[in-house]
1. Of everything in segment 582-615 that's without any contact (Cβ under 8 Å) to a residue 40 or more places away in the chain and hydroxyl-bearing (Ser, Thr, Tyr), which residue is nearest to Pro540 (Cα to Cα)?
2. Can you run down the residue pairs with Cβ atoms below 8 Å, 6 or more apart or on separate chains, where the first is in segment 245-256 and touching a residue at least 60 places away in the same chain (Cβ under 8 Å) and the partner is β-branched (Val, Ile, Thr) and crowded, with 21+ Cβ neighbours inside 10 Å?
3. Filter segment 160-178 down to residues that are out of contact with any Leu (no Cβ under 9 Å at 6 or more places or on another chain) and either in contact (Cβ under 8 Å) with a residue 12 or more places away in the chain or acidic (Asp, Glu) (or both), then give me how many there are.
4. Of everything in segment 527-556, what is closer than 17 Å to Ala597 by Cα and assigned to a loop (DSSP other than H, G, I, E, B)? Give them in sequence order.
5. Among the candidates Arg75, Arg99, Arg131, which residue alone is surrounded by fewer than 16 Cβ atoms within 10 Å (Cβ to Cβ) and free of Cβ contacts under 8 Å to residues at least 24 places away in the same chain?
6. Suppose the filter is in a loop (DSSP other than H, G, I, E, B), at negative phi, among the polar types (S, T, N, Q) and surrounded by 21 or more Cβ atoms within 10 Å (Cβ to Cβ); does Thr241 pass it?
7. Farther than 30 Å from Ala196 by Cα, surrounded by fewer than 20 Cβ atoms within 10 Å (Cβ to Cβ) and out of contact with any Leu (no Cβ under 7 Å at 6 or more places or on another chain): does that describe Arg444?
Amino acid sequence: MMTVHKLSAGDGYAYYTSEVASADELRAEGRELGDYYTVGGMPPGQWVAHSEALLGVSGEVTEAQMAALFGEGIRPDAERILAVGGTEADVALGQKYHRYASADTELTRRLEEEIARHERTTGAAPTREERQAIRGRVGGQLFRETHGRDVRNKEELGRFITAQTTPKQQTVAGYDLVFSPAKSVSLLWALGGAEARKAVETAHNEAIAETLSFLEQEGTYTRRGRNGVRQIDVEGGLVATQFRHYDSRNGDPQLHDHVVIANKVLGADGKWSSLDGRTLYRMNVAASETYNAKVMEKVTASLGVAAVPRMAGGNEPIYEIAGVDLDAIHHASSRRADIAGTLDRLHAEFTERHGYAPNAKQKIALAQQATLESRPAKKSARRLSELVEEWGQEYGQQVQMPVGDDLLAHVRAAAAGMPTGPDATQIDVSEHARLVVHELSQKRSTWSVNHVQAQTRRHLKEAMIGRTVPDELAAEVVREATTTHSLSVTPTADVPHLAEFTRADGTSQFIRSDAHVFTSREVLETEHQVLAAAQRTVIPAVSAQTFDEVLAAHTGPLSEGQVALARAFATDEKLLSLGIGPAGAGKTTSLSLAADAVRATGGTVVGLAPTAAAAAVMSADI
């Protein structure tokens, strides 16, 4: 999967450079990421995407380069350019990142006082290490005063200090794209021996590179004009760095890379400016599905293994390597289990507190909260060879899982005889485009091109299981799905496009590339059925007299609105009635009164809710 997170200007980049190997063990000429087996620490980051073509930087990333590009918003080689007589203008990449004033909190005031005291007593400003020690000491003291206890670990203290010292508004320096294959792929990489490890890393690297190319083609723009009203093309593509990590915070095998994209792109007009992050975020799911499909296709093709679907509680199946035991996958997912347990608690608390299940936006916020609350302290980076040896012993003894060449032979045997789907030449583009739109119609009422791209990858992965899906085929299905099988609901602007305000694909710069919205005849027909139900006259479930009798027997306060809503639900002559109200408006109380009235007539009330937790609350309340 691929996730996207913002990176703030300043020293946020330090996370990526803090765990690379020491200077005496840096990558030798020609050494690949996958060759970093017996060296301490993580492999040094690498410049990727179009960094070399745009800025002339390639190979290994240095901390000074990260500090310049992500800390200040200037050329990563600014130090070298200035050293030979270059000017500020020579290293500029558009505007430098704005530095907002520090938050005015009790902690920031105490830190200022402590730093001033240090300067008075020592006659010098504190070093970086001394500043960190001051922050930890003062932050820990304020935490104890605030919460009445000591911090559990460094992570909790770090979150407290960050929350107290971070300005409310921050400049975005870049975007952290985290690429991680399915857990069974990480297990095969960690435990399957040198051949499997090399093949998985190659597949992982290639899938990342191809996904970045997809993002450059489909989701990379910048903005011009007052309030960024125009969205224009960029030249070259993205400037990015790639850092490899081996394990999760719990120490489970988890091959994953952080690709940190700079918030600097070269516009088609020759000017450097910020990346349009809106489109990048909207492309997140489509890019994630692209990576998922590609990494699994490449692993299965190179090693002669197979992928099988597994439902893991979400709406979409996760494809895993056939022959990797589910117990091993669960054992290697302890971090996910920690987050899931915390998230279940937060969902239940939210539903109990508000009386309804969280919506999609609220679920995202709760998931982020669960991730932070359950996050353990980060451990020091270790040699991959040490990790592989420990993992081999752990999984061999605790899960009775074959390791090394035995594991590779086991998963190859599991793939023997498994059916494969048709190849690309046997795919009916129009029929599969129709199926993609049908699948979207079951999930959404409207969609944009990025939704079609994501669903196309999911659909073709299942339809062509065991085969490679060419990018050209996926693009053809997307075009057919949007132009033939979807209905546009975006009004057309019947005005001429001036050439200077037109993107390379012929579209207006005043209309976002992802602004086009579609639906389908299937969705419209379903909507017509709902509207018809709202107009259809039926015999009411409850008579007005019975409702009044139940109302008279009701104990507890009721507002006029609550009574009106309950009366409408119970006595309306229309097949479909709808009640809408904000949280805390008393909808559950109204529904309870209506349900009592229906039961008083001998009727049955069937309650439906989007989640089991919400259904339990509804059952208890009505």
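1. The qualifying residue nearest to Pro540 (Cα to Cα) is Thr604.
2. Every condition considered, the pairs that remain are Leu255/Val185; Leu255/Val200.
3. Final tally of qualifying residues: 7.
4. Our first condition is that a residue be closer than 17 Å to Ala597 by Cα; within segment 527-556, this holds for 539-556.
Hits for segment 527-556 are Ile539, Pro540, Ala541, Val542, Ser543, His554, Thr555, Gly556.
5. On the way: Arg75 fails: surrounded by fewer than 16 Cβ atoms within 10 Å (Cβ to Cβ); Arg99 fails: free of Cβ contacts under 8 Å to residues at least 24 places away in the same chain.
Just one listed residue meets the conditions, Arg131.
6. Numbers: in a loop (DSSP other than H, G, I, E, B): no; at negative phi: yes; among the polar types (S, T, N, Q): yes; surrounded by 21 or more Cβ atoms within 10 Å (Cβ to Cβ): yes.
Considered against the rule, which asks whether it is in a loop (DSSP other than H, G, I, E, B), at negative phi, among the polar types (S, T, N, Q) and surrounded by 21 or more Cβ atoms within 10 Å (Cβ to Cβ), Thr241 comes out as no.
7. Numbers: farther than 30 Å from Ala196 by Cα: yes; surrounded by fewer than 20 Cβ atoms within 10 Å (Cβ to Cβ): yes; out of contact with any Leu (no Cβ under 7 Å at 6 or more places or on another chain): yes.
Against the criterion (farther than 30 Å from Ala196 by Cα, surrounded by fewer than 20 Cβ atoms within 10 Å (Cβ to Cβ) and out of contact with any Leu (no Cβ under 7 Å at 6 or more places or on another chain)), Arg444 qualifies.
Matching residues to (1) free of Cβ contacts under 8 Å to residues at least 12 places away in the same chain; (2) under 26 Å from Leu275 (Cα atoms):
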position	(1), (2)
Ala194	yes, no
Lys198	no, no
His204	no, yes
Ala207	no, yes
Gln217	yes, yes
Thr220	no, yes
Leu238	no, yes
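The values are calculated or read from the model by the stated rules, or taken from the named source; none is laboratory data. Values in this document were obtained by computation on a predicted structure and should not be read as measured data. Neighbour counts are summed over all protein chains in view; Cβ atoms, including those assigned to glycine, are modelled from backbone coordinates with ideal geometry.
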